[in-house]
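The values are calculated or read from the model by the stated rules, or taken from the named source; none is laboratory data. Quantities reported herein were computed from a predicted structural model and do not represent experimental measurements. Cβ placement follows ideal geometry from the backbone for every residue including glycine, while neighbour counts extend to all protein chains displayed. Note: accessible area is taken over every heavy atom of the protein model, side chains too, but ligands, DNA and RNA are not part of it. Shrake-Rupley method; radii C 1.70, N 1.55, O 1.52, S 1.80 Å.
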Amino acid sequence: MVERVTLYRAPTTVADVDAIADWLAARIEAGVEVRDRFLDLYADDELADAFAAARVLSPYERETGNTMLGIVRYEQRALDHPERAGGVIYDGLQVQRSLGERLPADERGLDHLHVPVLDRVLGTWGDHDGRWHKRVNVLGQPALVSVPGLYEAPAKPEQYYKEQQKHAMVAGDSPPREVLESEVEGEFLVEDDPRTTEALKGYVLQAYHYLETGEGFCEESGCRLANPHRQPGVVAAQLQGTAFCPAHAERYRP
Ligand SMILES: [Zn+2]
């Protein structure tokens with residue numbers, strides 16, 4: 001039984017972790033609390049090395065890690081000044097292990113779920129197709145939730161990438177969000193999307209649901225416990241409609 005859930009803020013992102021905690025507390029039996037950024041609270045001298053070792057080197061290469069001094073220094077700077085980090089994918093399972101080792105010793109039991117909300121992009125290796133896949137969350141203890149993963153992991157509509165390419169060829173940069181949103185059919189979330197907090201609620205609940213019941217993602221497409229591979233599916237599951245499939249509505253509707 002999960003008796004306590006601790007969420008950790010992600011101050012460099014637009015995610016309002018306190019609001020997510022309130023939403024969660026209204027739906028589950030366990031006590032819910034919020035702490036500041038995990039990487040500020042529990043970083044030690046070796047954490048930069050751990051992040052360097054967890055770097056994905058190529059989308060199609062299983063092996064990770066570049067612990068050359070310059071890279072470790074970069075990772076140290078990214079820990080100290082998170083607003084400057086970006087552009088790197090990390091092996092979500094390695095990061096999960098590293099953060100798990102840094103949890104307070106008396107809080108590691110499965111009755112106390114920790115959910116660091118992170119400003120890093122996380123991936124897991126797909127044995128079936130031999131490539132890395134970005135993730136919105138990595139379930140387990142601690143459970144990781146990636147804010148940039150929400151924007152990047154589920155694929156945007158095909159046309160989004162076409163418009164982006166077209167604009168890059170003409171103007172040499174990325175088109176403004178308004179242009180993409182008006183030109184592209186289908187719904188999707190973009191960086192710093194104002195709907196970020198709302199969308200992440202379901203992904204945090206998935207972390208609790210997994211530890212509490214042992215069940216993974218829900219197969220019902222409109223359910224907040226679903227794990228859609230495409231952005232319109234994320235919008236449908238997290239931002240519209242009935243919020244839960246009938247089975248999970250019984251469990252989580254307050
Ligand atoms: Zn469901």
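Overview of results
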item	result
Qualifying aspartates and glutamates (Cα of each under 19 Å from Cα of LYS162; at least 8 residues distant if same chain)	GLU152, ASP173, GLU178, GLU181, GLU183, GLU185, GLU187, GLU191
Top of PRO116, PRO11, PRO175 by mean-square fluctuation, Gaussian network on the chain, Cα under 10 Å	PRO175
Point-to-point label distance, ASP192-ALA249, nm (Cα→Cβ direction, 7 Å offset)	3.7
Choice from GLU63, GLU75, GLU152 showing the highest fluctuation, given a GNM over the chain with Cα pairs closer than 10 Å	GLU63
Highest-MSF residue in the chain out of TYR90, TYR151, TYR74 [GNM, Cα springs under 10 Å]	TYR74
The chain: DSSP helices with Cα axial extent of at least 24 Å and average Kyte-Doolittle hydropathy no lower than -1.0	196-213
Rounded accessible area per residue of region 4-252, 1.4 Å, Å²	48
Accessible surface of region 95-227, 1.4 Å probe, proportion on carbon and sulfur as whole %	45
Check: the chain dipole with +1 on Lys, Arg Cβ and -1 on Asp, Glu Cβ, in debye	260
Which listed pairs, of LYS156/LYS201; LYS134/LYS166; LYS166/LYS201, have C-alpha distances above 23 Å, in listed order	LYS134/LYS166; LYS166/LYS201
